[in-house]
Amino acid sequence: MMGINRRQFTLLLGCGLVSPNLLAKPQQLLFASAAQTSPEGYALKVISKQGRSLINHQLPARAHHVAKHPHQPFLAAVGRRPETFIDVINYETGLLSKRIESSPGQHFYGHAIYSNDGRWLITTENEIQSGQGLIVIRDCANDYRVIKQFSSYGIGPHELKLTANGKTLVVANGGILTNPGQGREKLNLDSMQPSLAYIDLHSGLLTEQIFMPAQLHQLSIRHFDINDRGRVVIALQYQGAKSDDVPLIAFHSSGDKNLSLVKAPAAINLAMKQYCGSARFDHSGTTAAVSSPRGNLVTFWNAQDGSFLTALKSRDGCGLTATHEPDEFLISTGRGHCYRFNAKTGLKEKLPLGLSSQTAWDNHLTLI
Amino acid sequence: MSLRISTSSKYAIFISLALAAVNVKAEISQTQWMKLNQASINEHILPGYQKLASTSEALEQATADLCQNLTDTHLKQTQSRFNDMLNAWQGIQHVQFGPIELLMRSYTIQFWPDKKNLTSKQLNTVLNNAEPATLTPDYFQTASIAVKGLPAMERILFAEQPLQALKQQTFRCDFLHAISSHLEMQTQNTLNEWKLYKKEFEYTSSEEGAYESAQEATIDLMKAQVEPLEVIRDLKLLRPLGKTDKAKPRRLENWRSRNSLLNIQTNIKSLHHQFSGAKDYSLFALLSDHGAIDLAEGIEQQFVALEALLAQVPAPLSQHINEPNVREQLLLITQGISLLHKSLDKSMSTLELQLGFNSRDGD
């Protein structure tokens, strides 16, 4: 319930200070995501449980992932590579709290996370001149001043996560070299070396690094998730010949010497078109979902043994997030739709969003 | 359109048409999307697969005859049937959804570009080993795509002394025939499955079908209309042209059978047909019905102009691609393709069709 009656509502409206969209309390919010809202327009949107668009914050350019602060009402929408902005929004007021610019000579890769205590904002960035990946730590309590930066131990770092205790940073080094001077062109496909790096957050030292085997070095490690037990599920993207049939999902646990590469059943693996866009564990951490927007599919996996569970058709579906129910996910699509799906029961529900057909949800969505 | 207009005025035509003003009137109903889908399928896609299946049947027949009679006449006949099937494929290659996606059929029919020259390497291995088992359907089910499609047949049929090589090794012709039989089966199955898949386009909305709405189904059709243009420009023209002035003729598609130019002409002609050729309804008609008649006619004229430009290019392209004036013509064609692509993109945004967001340009 909104906890507000009609008269109060009218009064508030009369004040002209509060937008009716913002009257909903925080617990009624459902998710946040970056979106394209018109051919040239990009926004950070916040959607309520009733499917209403509560916040539509215009962004300077296309964003990618949205990080949620662990206990304050902040969302950080990160510019997609090679953008140089992060917009931090207060989702209770809908106002821009801070626009962060990357340091000169650096740009963002579209991903950021807050530290478990909410003090630091941690990003993956490109040091443009050297092409080396960076991890940059900013102080949320001090106007997002950069307090430290260190190597990501690879080229093209992308998604990053913290282990449950908040001490180890896990980073996907996609391996692909790009330079803003040449747009998004991939410059090193013959020599790329994707890796998953485990880095001590405090010291910035590498504690463990797993590389893709040499014969699959064009299999980019870009997106992943980690559960409370430290199990990692990776959504892979292949840069080799279109006719190759390669595994597109990998699992890893700290201490394992190799990645555990897995393939969906033959027809599904082919249908995934060598490209996975996002990976998320469910709330219980036992089921993993991986989206394949080029194949219009989302596949579901057993987190422990890496076995294939099921697949769901989802046109241009990419964004994934776990709801608070076990085995249940939200899936957002490039067609502006959002679905709730339970991988065990097979129940699927389309959320009534009623957005313009020009709205396209970007790669990732974040539960609030 | 005159074929003799100057280069600069032709260029001006492309430019001006891409900028046509648009003002869309009303929202398009699911029934209209369905009408567009059905017309495209009945008048464009199904005839395309029908032609692919019948030409591959004729090619299979010709290879069977050739293996019985290794004569120059039979070779020429088979080469001609090969050209027919290749041409049919070039006319329907742009459709990359539906049954053609199954079992990697599309790559099976034509694995190209073959940057590592896998077709030659793997075909030579198969021919040298001459294992009878490699002639069976079981082998073809799991065989590498590099040895079971049109490029492998082309290497045998358009080798330097094809007849001599076929006479020296009967297995060579048997394998040629085996590829042809496999292609016949795959193209026939594709056609049969499309006759069923067609039903997915016969409703305006569905919970359980392949598409949630008719408009969603239109998106698959429109991808076939718009996206191949980049492939034609980048792989079939710019890659062989190379970045410097020195072209690489062997990067041309089907240079051995001298079909490189005809392939591109057929691709454009077929996309043109998809755009405005169906009698019942078409993208041209839909745009016109919704106030974007200038854009519709602009695109139509861009197709006509591109076809006229392509008609002036001398064949075989592999022999002429290094001539400076041919290079200039081809570069002009690539610009024309880019502008046509831009106009089609504009028609998509005019109709509020999002062809793909994460699938097209994810990260």
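What follows draws every value from the coordinates through simple rules; no lab data is involved. Quantities reported herein were computed from a predicted structural model and do not represent experimental measurements. Here the Cβ is made from the backbone with ideal geometry for all residues, glycine too, and neighbour counts use every protein chain on show.
Here are the numbers for the structure shown:
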item	result
Distance in nm between pseudo-label sites at A:Val146 and A:Asp200 (7 Å out along the Cβ direction from Cα)	2.4
Region A:60-204, relative contact order [Cα under 8 Å, separation at least 6], %	15
Three semi-axes of the equivalent ellipsoid, region A:212-368, Cα gyration tensor, whole Å, largest first	24, 19, 13
Rg/Rh for chain B, where both radii come from Cα atoms and Rh is the Kirkwood radius	0.99
Angle between chain A longest axis and helix A:6-15 axis [Cα atoms, degrees, rounded to 10]	90
Radius, Kirkwood style, for chain A when every pair of distinct Cα atoms is counted (Å)	20.8
Largest to smallest principal axis extent of the C-alpha atoms in the protein assembly as shown, angstrom	89, 61, 52
Amide H partners (placed H, <5 Å) of A:Leu59, local residues excluded	A:Tyr42, A:Ala43, A:Leu44
Contact order normalised by residue count of region A:269-368, Cα under 8 Å, 6+ apart, percent	22
MRE, 222 nm, helices only [DSSP H, n ≥ 4, -39500 (n - 2.57), over the protein assembly as shown, to nearest 500]	-10000 deg cm²/dmol
Listed pairs A:Lys186/B:Lys236; A:Lys242/A:Lys273; A:Lys49/A:Lys348; B:Lys269/B:Lys346; A:Lys161/A:Lys313 exceeding 18 Å between Cα atoms	A:Lys186/B:Lys236; B:Lys269/B:Lys346; A:Lys161/A:Lys313
Ranked packing of B:319-329, A:54-64, A:87-97, most packed first, by mean Cβ within 10 Å	A:54-64, A:87-97, B:319-329
Region A:149-165 - phi-based ³J(HN,Hα) in whole Hz, Karplus 6.51/-1.76/1.60, Gly and Pro as x	9, 8, 5, 8, 6, x, 9, x, x, 10, 6, 9, 8, 10, 5, 4, 7
Peptide B:350-357 - average C-beta neighbours from other chains (10 Å radius)	5
Rounded to whole Hz, the Karplus (6.51, -1.76, 1.60) HN-Hα couplings of region A:288-302, x for glycine and proline	10, 10, 9, 9, 10, x, 6, x, 6, 9, 10, 10, 10, 9, 7
Ranked B:Ser270, B:Ser347, B:Ser276, criterion: other C-beta atoms within 10 Å, fewest first	B:Ser276, B:Ser270, B:Ser347
B:Arg258/A:Lys98 FRET efficiency (R0 60 Å; Cβ-Cβ; nearest 0.05)	0.40
Relative contact order computed over region B:42-199 (Cα-Cα under 8 Å; 6+ residues apart), in percent	37
A:Cys140, A:Cys338 arranged by Cβ crowding within 10 Å, fewest neighbours leading	A:Cys140, A:Cys338
Principal axis dimensions, largest first and in whole angstrom, of region B:42-199 by Cα	50, 31, 27
Å³ per residue enclosed by the Cα convex hull of region A:60-204	99
